[in-house]
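Structure record follows, encoded as C-alpha cells.
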Amino acid sequence: MEKYTAIKERANKYTKILQQVMDFRDAWNDHLKDMIIKTSEEILKHTEINATVNVEEAFENLESITISLGKAVSGISENVDETTKRNIIKDKGTLSFSQLFNGKVQAWMTYPLIEGLMQPKPPKMIGIYAPVEFDEALILTNFDEFFKELIEWENYDDDQPQNAEVNRIGFGMHRDNNED
C-alpha cells in the first residue's frame, strides 16, 4: 500500500544502519585495532617520541587505543619550607582512538596538565571516522594534529596577542588593575 511506502523506506534504512554497526565492529576486531596499534608504534619509533600504546578493553565494542606521553616532573617546584621543595608533576597528554556505540572510531586528545596549578583544558575531538576511512595516512594526520595542538599548548601565548584577561596564568591573576 502507498501509505506505508515512506515508513517502509525508513525501516529499510534503519535495518541497513544496524547491519553497518555490526560490520564496523567486526572491522575493528578483524583488522582495524591491530592496524592502529602497529601504525602508532611505527610513528613513535620514527619520531623518537617516548610514549606508550595501551588498549583499554573494559567494554567490548567500546574499546580504546590510547597513546600516552606519560607524566614527568614539570620543572616547577613548590617551596615547602627553607630546605624542602616539592616537584610539580606534568601529565604530557594523550591521543586516543575510541570505538563509539555505532562502531565508528573517534580520534581525540587530552592536553598537557600541570597538576595543581591549572584547570584542565577540555579534551579535543579530532575526528569521527568509519573503519573504511582508516589507513596509515589518516592515522598520521591525527598524530600531526595532536602534535600541532601540543606545540600550541607548550608555546602558550608566545606569538599571538590575545585578550589578557582571558589568558592570564600564574601569580597575580586576581590582582586589581586599578591600583595607584
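What FRET efficiency do you get for Ala137 and Asp23 if R0 is 25 Å and r is their Cβ-Cβ distance, rounded to the nearest 0.05?
Working: r = 22 Å, r/R0 = 0.88.
E between Ala137 and Asp23, to the nearest 0.05, is 0.70.
In the chain, the inverse of the mean reciprocal separation of distinct Cα atoms equals 19.8 Å; this is its Kirkwood hydrodynamic radius.
To the nearest ten degrees, helix 33-47 and the longest principal axis of the Cα atoms of the chain are 30 degrees apart. How high is the FRET efficiency from Phe147 to Phe59, r the C-beta distance, R0 22 Å, rounded to 0.05? It comes out at approximately 0.15. Working note: Karplus 6.51/-1.76/1.60 with θ = phi - 60° gives the range 48-63 the couplings 6, 7, 7, 8, 10, 10, 10, 10, 9, 10, 4, 10, 5, 6, 9, 6 Hz, where Gly and Pro are set to x.
Residue separation of Ile128 and Glu42 scaled by 0.36 nm, minus their Cα-Cα distance, works out to 28.7 nm of gained length.
Every number in this text was worked out from the coordinates using simple rules, so none of it is lab data. Source: prediction; values computed, not measured. Note that each Cβ is placed from the backbone with ideal geometry, even for glycine, and that neighbours are counted across all protein chains shown.
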